[in-house]
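J.: Shown below is the structure under consideration.
The values are calculated or read from the model by the stated rules, or taken from the named source; none is laboratory data. These numbers come from a predicted model, not from an experiment. A quick note on method: Cβ atoms are made from the backbone with ideal geometry, for glycine too, and the neighbour counts reach across all protein chains shown. Side chains are part of the model used for accessible areas, which takes the heavy atoms of the whole protein and leaves out ligands, DNA and RNA. Shrake-Rupley method; radii C 1.70, N 1.55, O 1.52, S 1.80 Å.
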Amino acid sequence: MSSAAEITRWGVAALFTAVLAWAAISDVRQRRIPNWTVLAVVGLFVPWALAHPWTWDAWALGAGLLALLASFGLYAAGLIGAGDSKLFAACALLVGIGDLGWLALATAVAGGAIGLVSLVSRPTRALVMFNMRARGDFGRGVPYGVAIAAAAAALAWLAVLKLPIPHLLGQA
């Protein structure tokens, strides 16, 4: 791989991480993921794909579409926010179809960890939720933008550092 492509990979990964950090901070503070962050991630797909020629195909676009459909279903069910759905789909473009399963798994694990920390840090709230069998309004919930950002940034940096990621979908 040429040094220009290598510099592009590092630069895009750094910008990607910065945009995701902004989205995560916004999600924690305001429970909103700004649309510009989603558009920035989509925009970063072009130089990322040029630096990773194997991702510039219909499979990357398919990963984004599949992620959008799945996350829209979660949004429609009231499990995640619209910004989370859009951010997950945008990140799927950069991750690609081969690692989409890892993105989903890492997001779920990170979201679960955030939720667990939230419950442990507020034991009274956890007890009320348990006694009401999770019915009722318990406030702001889990900022899944943080989980999505952490998972996507980790996968991007694994790609940049050329560290192996076992493929869940059976691709070599």
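J.: Going by the structure shown, is Gly101 over 18 Å from Ala24 (Cβ atoms), over 10 Å from the mean Cα position of the chain (by Cα) and without any contact (Cβ under 8 Å) to a residue 24 or more places away in the chain?
T.: When the stated conditions are applied, Gly101 does not pass them.
J.: Could you check how many residues of the range 58-70 are buried (at least 23 other Cβ atoms within 10 Å of the Cβ) and at pLDDT 95 or above?
T.: Within the range 58-70, residues that are buried (at least 23 other Cβ atoms within 10 Å of the Cβ) and at pLDDT 95 or above number 1.
J.: State which residue is surrounded by the fewest Cβ atoms within 10 Å (Cβ to Cβ) when the search covers only the range 79-97 and only residues that are among the small types (Gly, Ala, Ser) and modelled with pLDDT of 90 or more.
T.: Ala82
J.: Could you go through the range 1-15 and let me know if any residue there is open to solvent by 10 Å² or more (accessible area, probe 1.4 Å) and not in a helix (DSSP H, G or I).
T.: The answer is yes; a qualifying residue exists.
J.: Filter the range 66-88 for residues that are touching a residue at least 60 places away in the same chain (Cβ under 8 Å) and not in a helix (DSSP H, G or I) and give the result.
T.: Within the range 66-88, Ile80, Gly81 meet the criteria.
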